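Taking it in order: structure first as C-alpha cells, then the write-up.
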Amino acid sequence: MRDFRTIPLWKDVTDEQWNDWKWQLKHSIKTVEQLQEVIPLSLQEEREIRGTLTTFNMAITPYYANLIDPANPTDPVRMQSVPSLRETEINIGDLLDPLDEDVDSPVEGLTHRYPDRVLMLITTVCSMYCRHCTRRRMVGEVDKHIDKKVLAKQLEYIASQPAVRDVLISGGDALMFSNERLEEVISQVRAIPHVEIIRLATRMPVVCPQRIDEGLTEMIKKYHPIYVNTHFNHPNEITPDSKAACERLANAGVPLGNQTVLLRGVNDCPHVMKKLMHQLLQIRVKPYYIYQCDLSRGISHFRTSLGKGIEIIESLRGHTTGMAVPSFVVDAPGGGGKIPVGPNYLLARSDHLTILRNYEGVITVYNDKTSGESVCGKDDACTDDRYLIKKGVARIFTHPEEIIEPSHKPRILK
Ligand SMILES: *Cc1c(COP(=O)(O)O)cnc(C)c1O
C-alpha cells in the first residue's frame, strides 16, 4: 500500500477526508481518466476499459485502488476491480441469472429458497464493483436502492412466513445504506418475532473499511444477534485498515464470516488460500465459504475447474487449523442452492466397517457397531415442528417410503 498522498490525484487529501467513507464513495474511480492517475494503463488497456464500461460500471474506492501495485499488471486487487474486455465475451453455458434468484422470488428483491431463511436484496449499489460479480444482471448496471414500497412488501412477506428464522440482508452492498436507513430496515426485521438471526452481507471491510464507523457499530449492537459476512479474496486485502474495521465489528459483538470466490489468476492456489485463511483468523474473521465462480455472463475468464477448489480443500483440511477450513460450495445453476463438494475421505463401507483415509493418506477402519438407544424420538425437539425435517434426502431417514423422484420420469416407482 502506497502513501496515498504520493499520488497526484490525492496529494491534497487530508487524513480526515480519506478516513471518511462518504468521501471515499464520492471520490470513487469511475472513469479511465481517473484510473490513469493511479495506475499506468497502456493504450490498448485504455481502449479495452472504455469498451467494457458500456456494459458494466466501474467503481473503485480510492482506498482499494491504492492497494494495487502499479508495477504488476496481474495484481490481484487490480484483477478484481479494473475491467477487462473479456467481460464482454458471452460463452456457451453463461447465464443471466444463473442461480434463478428471480424465479424463487415471491416478492421483488427477495429470494426464498431454503425452508428457514430468506435473502433480501435491498440495493443494487456497491462501493466497488467486483469484476467477478454474480449479480451482474442487476448490480453495476442501474444504481438504485430498493423502493420503500418494495421493502415494505419484503418485510410483510417475512412476517407472513413463520418458518423464516434467518434473514440475510444483501444487495449490492447492504452497507451502502446510511446508518439511519439501515437501522430502519434492521429494526423492522428485528421486530418480526420469528426472526432469530440477521446476517448482513457486505464487502465494505475489504473495499471501504472506513464505512465501519462508530455510528454503525453502536446501531448494530441494539439488534443482536447480528452476523456479518464479508468477502476477502486475497491476502493483499488484509491491511491495517481492514483489520481495524473487522476488529470494530468483532468488538461490537458481531461474529464475522468470510465468503471467498475462487478466481483464476487471483487466488486459484492452495498456498495463497492457506495464507488468506490464516490471516483471516488473525483479524477475527472465520472462513465460511469458498465459492465456485458462478455461470454468470462475462466472468468465464475467472472460472476454474471444480477440481481446483477440491484441491484447495485437500491442501487445507488436516494441514491446518480446522477453523481455517471453509466449505467449498457450488451454487447450483437453476436454483439448486449451495452444494458442498470436497475430497472423499470415505473410501469403502460394509455392514459394520467403514474404511476412511486421513489427510496424510493413512487408511483406517472404523467399526460401526453401536449399542444402546438413541435420544431421537424422546427429546422435545423430535416432536417440535420447527426442527422436523420436511423434505430432502435427510427426510428419508425417518420416512423411507417417501422416495424422491424426478417429475419427468417415464416410469413411476411403486
Ligand atoms: C446463500 C443463500 C442463503 C444462505 O445460505 P447459508 O448456507 O445458510 O449461508 C440463503 N438464501 C439464498 C437464496 C442464498 O443464495
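The values are calculated or read from the model by the stated rules, or taken from the named source; none is laboratory data. Quick caveat: nothing in here was measured; it's all calculated off a predicted structure. FYI the Cβ positions are ideal-geometry reconstructions off the backbone, even for glycines, and counts take in every protein chain you see.
Quick one: would you say residue 298 is on the phi > 0 side of the Ramachandran plot, within 16 Å of the ligand (Cβ to nearest atom), in a loop (DSSP other than H, G, I, E, B) and at pLDDT below 95? Walk me through how you get there before you give the answer.
On the way: on the phi > 0 side of the Ramachandran plot: yes; within 16 Å of the ligand (Cβ to nearest atom): no; in a loop (DSSP other than H, G, I, E, B): yes; at pLDDT below 95: yes.
No.
Name the residues in the stretch 258-275 that are away from the ligand (no atom under 16 Å from the Cβ), surrounded by 23 or more Cβ atoms within 10 Å (Cβ to Cβ) and closer than 15 Å to residue 324 by Cα, would you?
273
What number goes with the only condition from (1) touching a strand residue (DSSP E or B) at 6+ places or on another chain (Cβ under 6 Å); (2) under 30 Å from residue 271 (Cβ atoms) that residue 337 does not pass?
(2)
Just name the residue that is farthest from the ligand (Cβ to nearest atom) out of those in the stretch 96-134 that are closer than 26 Å to residue 76 by Cβ and touching a Leu at 6+ places or on another chain (Cβ under 8 Å).
Ranking the qualifying residues of the stretch 96-134, first place goes to 127.
Given (1) within 16 Å of the ligand (Cβ to nearest atom); (2) at pLDDT below 90; (3) farther than 20 Å from residue 200 by Cα, identify the lone condition not met by residue 89.
Every condition holds for residue 89 apart from (1).
Under 18 Å from residue 23 (Cα atoms), crowded, with 17+ Cβ neighbours inside 10 Å, at pLDDT 95 or above and out of contact with any Leu (no Cβ under 8 Å at 6 or more places or on another chain), is that true of residue 195?
Numbers: under 18 Å from residue 23 (Cα atoms): no; crowded, with 17+ Cβ neighbours inside 10 Å: yes; at pLDDT 95 or above: yes; out of contact with any Leu (no Cβ under 8 Å at 6 or more places or on another chain): yes.
No, not satisfied.
Name the residue, out of 378, 391, that is among the charged types (D, E, K, R) and closer than 25 Å to residue 114 by Cβ. Explain how you work it out, then say what you get.
On the way: 378 fails: closer than 25 Å to residue 114 by Cβ.
From the options 378, 391, the qualifying one is 391.
Within the stretch 333-374, can you find the residues that are within 16 Å of the ligand (Cβ to nearest atom) and either modelled with pLDDT under 95 or not in a strand (DSSP E or B) (or both)?
Answer for the stretch 333-374, where residues must be within 16 Å of the ligand (Cβ to nearest atom) and either modelled with pLDDT under 95 or not in a strand (DSSP E or B) (or both): 333, 334, 335, 336, 337, 341, 342.
Which of the following residues is under 15 Å from residue 287 (Cα atoms) and within 16 Å of the ligand (Cβ to nearest atom): 235, 225, 205, 255?
Exactly one residue qualifies, and that residue is 255.
Do the conditions hold for residue 123, that is, is it in contact with a helix residue (DSSP H, G or I) (Cβ under 9 Å, 6 or more places away or on another chain), among the polar types (S, T, N, Q) and assigned by TED's automatic domain parsing to the domain that holds residue 202?
Judged against the criteria, residue 123 is a match.
Please enumerate the residues belonging to the stretch 122-164 that are among the basic types (Lys, Arg) and free of Cβ contacts under 8 Å to residues at least 60 places away in the same chain.
144, 148, 149, 153
Under 7 Å between Cβ atoms, at least 6 apart or on separate chains: pull out the pairs that start in the stretch 286-301 with a residue that is within 13 Å of residue 87 (Cβ to Cβ) and end on any residue that is in a strand (DSSP E or B) and more than 14 Å from the ligand (Cβ to nearest atom).
Sorted first by the residue in the stretch 286-301, then by its partner, the pairs are 296/95; 297/95.
Results for (1) part of a helix (DSSP H, G or I); (2) closer than 20 Å to residue 131 by Cβ, shown as yes or no for each residue.
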| residue | (1), (2) |
| --- | --- |
| 2 | no, no |
| 5 | yes, no |
| 17 | yes, no |
| 25 | yes, yes |
| 34 | yes, yes |
| 40 | no, yes |
| 49 | yes, yes |
| 52 | yes, yes |
| 56 | no, yes |
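Taking interchain pairs and intrachain pairs at least six residues apart, which have beta carbon atoms under 7 angstrom, with the first residue in the stretch 93-111 and under 19 Å from residue 295 (Cα atoms) and part of a loop (DSSP other than H, G, I, E, B) and the second among the charged types (D, E, K, R) and more than 11 Å from the ligand (Cβ to nearest atom)?
94/297; 96/137; 96/297; 97/137
Do any helices (runs of 4 or more DSSP H) entirely within the stretch 133-223 hold 1 or more residues that are within 22 Å of the chain's Cα centre (by Cα) and under 24 Å from residue 386 (Cα atoms), and if so, which?
Details: elements: 148-159, 179-190, 204-207, 214-221.
Those helices (runs of 4 or more DSSP H) span 148-159, 179-190.
Being within 10 Å of the ligand (Cβ to nearest atom), within 26 Å of residue 260 (Cβ to Cβ) and not aliphatic (A, V, I, L, M), is that true of even one residue in the stretch 135-143?
Among the residues of the stretch 135-143, not one is within 10 Å of the ligand (Cβ to nearest atom), within 26 Å of residue 260 (Cβ to Cβ) and not aliphatic (A, V, I, L, M), which makes the answer no.
Quick test for you: out of 254, 266, 228, 272, pick the one residue that is in a strand (DSSP E or B) and among the hydrophobic types (A, V, I, L, M, F, W, C).
So the residue among 254, 266, 228, 272 that is in a strand (DSSP E or B) and among the hydrophobic types (A, V, I, L, M, F, W, C) is 228.
For the stretch 307-323, which positions are closer than 30 Å to residue 101 by Cβ and surrounded by 12 or more Cβ atoms within 10 Å (Cβ to Cβ)?
The answer is 308, 309, 310, 311, 312, 313, 316.
Just a yes or no: is a residue in the stretch 55-69 modelled with pLDDT of 95 or more, over 24 Å from the mean Cα position of the chain (by Cα) and surrounded by 14 or more Cβ atoms within 10 Å (Cβ to Cβ)?
Yes, because at least one residue in the stretch 55-69 is modelled with pLDDT of 95 or more, over 24 Å from the mean Cα position of the chain (by Cα) and surrounded by 14 or more Cβ atoms within 10 Å (Cβ to Cβ).
Are any of the residues in the stretch 304-312 more than 13 Å from the ligand (Cβ to nearest atom), assigned to a loop (DSSP other than H, G, I, E, B) and under 20 Å from residue 92 (Cβ atoms)?
yes
Restricted to the stretch 77-92, and to residues that are assigned to a helix (DSSP H, G or I) and β-branched (Val, Ile, Thr), which residue is farthest from the chain's Cα centre (by Cα)?
Filtering the stretch 77-92 for residues that are assigned to a helix (DSSP H, G or I) and β-branched (Val, Ile, Thr), the one farthest from the chain's Cα centre (by Cα) comes out as 88.
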